[in-house]
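A quick write-up on the structure given underneath.
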Amino acid sequence: MKLATITHVSLDGVMQGLGGHDEDRRGGFERGGWAIPLFDNEAAAFLDQVFQRADAFLFGTRTYNIFADSWGTGSWGPDQGNNPISMALNTKPKYVASTTLTDPEWAGTTVLSGDVAPAIGELKVAKPGGELQVHGSGSLVRWLFDNQLVDEIILLTYPVVVGQGTRLFPDNGPDTALELLESRVTPGGVIIQVYRPGGRPEYAT
């Protein structure tokens with residue numbers, strides 16, 4: 001399977017707490033919920049299509065718990081009619097890279113512990129032509145980049161500078177060239193970009 005990361009970021013690269021004020025308060029973060037007012041119908045339709053083509057999902061522990069509470073075991077639950085995101089998340093296999101989660105309640109969940117890289121490698125070759133999607137999960141995404149396991153990067157960049165919070169890419173990390181596969185802007189100003197990692201970048205001499 002192709003491994004694709006799907007990340008919502010502000011213009012200054014923040015990915016923390018996009019969905020709600022109390023979604024992720026780590027580090028004293030107080031500006032949660034910045035994405036929702038800017039999430040227009042075209043961005044929603046694009047995201048629905050992305051979820052519908054997933055063959056499986058891979059999460060870090062924190063994002064898995066947020067998704068489970070929203071779409072699986074929590075207050076909304078899996079019974080949400082024909083919602084394409086709910087249908088995908090509740091019918092497709094879910095994998096969690098975690099050393100703390102031992103007994104997940106969300107049906108269809110497998111915990112990957114120990115040496116995660118070989119397990120992800122096996123998932124990628126198990127179904128040629130499929131798509132293994134990673135939503136959110138910042139620490140996991142950065143680890144996947146470091147280990148060159150990412151095949152496609154989908155970014156939804158929102159027209160806002162949050163000014164604090166965890167960013168997608170660290171201040172110091174590996175350098176990677178990217179090939180732009182798709183780019184468009186929604187009426188509300190959300191920039192949708194799809195990239196393919198292309199090895200080391202070139203530098204001027």
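May I ask you to list the residues in region 136-162 that are part of a loop (DSSP other than H, G, I, E, B), out of contact with any helix residue (DSSP H, G or I) (no Cβ under 9 Å at 6 or more places or on another chain) and at pLDDT below 95?
GLN148
Of these, PHE57, PHE51, which one is under 24 Å from LEU181 (Cα atoms) and assigned to a strand (DSSP E or B)?
Among PHE57, PHE51, only PHE57 is under 24 Å from LEU181 (Cα atoms) and assigned to a strand (DSSP E or B).
Any residue that is closer than 18 Å to LEU132 by Cα and part of a loop (DSSP other than H, G, I, E, B) - is there at least one of those in region 73-94? Lay out the reasoning, then the answer.
First pass over region 73-94, keeping only residues closer than 18 Å to LEU132 by Cα: 84-94.
Now drop any that are not part of a loop (DSSP other than H, G, I, E, B), which leaves 92-93.
Yes, region 73-94 contains at least one residue that is closer than 18 Å to LEU132 by Cα and part of a loop (DSSP other than H, G, I, E, B).
Please go through region 1-44 and give me each residue that is among the small types (Gly, Ala, Ser) and within 17 Å of GLY136 (Cβ to Cβ), ordered by number.
Residues satisfying the conditions are ALA4, SER10, GLY13, GLY17, GLY19, GLY20, GLY27, GLY32, GLY33, ALA35, ALA43, ALA44.
When you look at VAL111, is it touching a Leu at 6+ places or on another chain (Cβ under 6 Å) and closer than 30 Å to ASP69 by Cα, yes or no?
Values: touching a Leu at 6+ places or on another chain (Cβ under 6 Å): yes; closer than 30 Å to ASP69 by Cα: yes.
So VAL111 fits the description; yes.
Anything in region 100-122 that is under 14 Å from ASN147 (Cβ atoms) and touching a strand residue (DSSP E or B) at 6+ places or on another chain (Cβ under 6 Å)? List them, or say none.
LEU112, VAL116, ALA119
Of the conditions (1) surrounded by 13 or more Cβ atoms within 10 Å (Cβ to Cβ); (2) more than 16 Å from the chain's Cα centre (by Cα); (3) closer than 22 Å to LEU155 by Cβ, ILE85 clears all except one; give me its number.
Here ILE85 clears every test but (2).
Starting from residues that are of a type in the set (Lys, Arg) and over 16 Å from VAL150 (Cβ atoms), keep the ones in region 162-205 and report whichever is surrounded by the most Cβ atoms within 10 Å (Cβ to Cβ).
ARG167
Are there any pairs with C-beta distances below 6 angstrom linking a residue in region 7-34 that is farther than 14 Å from VAL160 by Cα and in contact (Cβ under 8 Å) with a residue 40 or more places away in the chain to a residue that is assigned to a strand (DSSP E or B) and of a type in the set (A, V, I, L, M, F, W, C), with the two at least 6 apart or on different chains, and if so which?
THR7/LEU155
For residues in region 7-44 being buried (at least 21 other Cβ atoms within 10 Å of the Cβ) and of a type in the set (A, V, I, L, M, F, W, C), which is farthest from VAL134 (Cα to Cα)?
Among those residues, the one meeting the criterion is TRP34.
Within the bounds of region 91-105, is there any residue that is under 29 Å from VAL161 (Cβ atoms) and surrounded by 13 or more Cβ atoms within 10 Å (Cβ to Cβ)?
Among the residues of region 91-105, not one is under 29 Å from VAL161 (Cβ atoms) and surrounded by 13 or more Cβ atoms within 10 Å (Cβ to Cβ), which makes the answer no.
The values are calculated or read from the model by the stated rules, or taken from the named source; none is laboratory data. Everything numeric in this text was worked out from a predicted model, so none of it was measured. All Cβ positions, glycine included, derive from the backbone under ideal geometry; neighbour counts span all protein chains shown.
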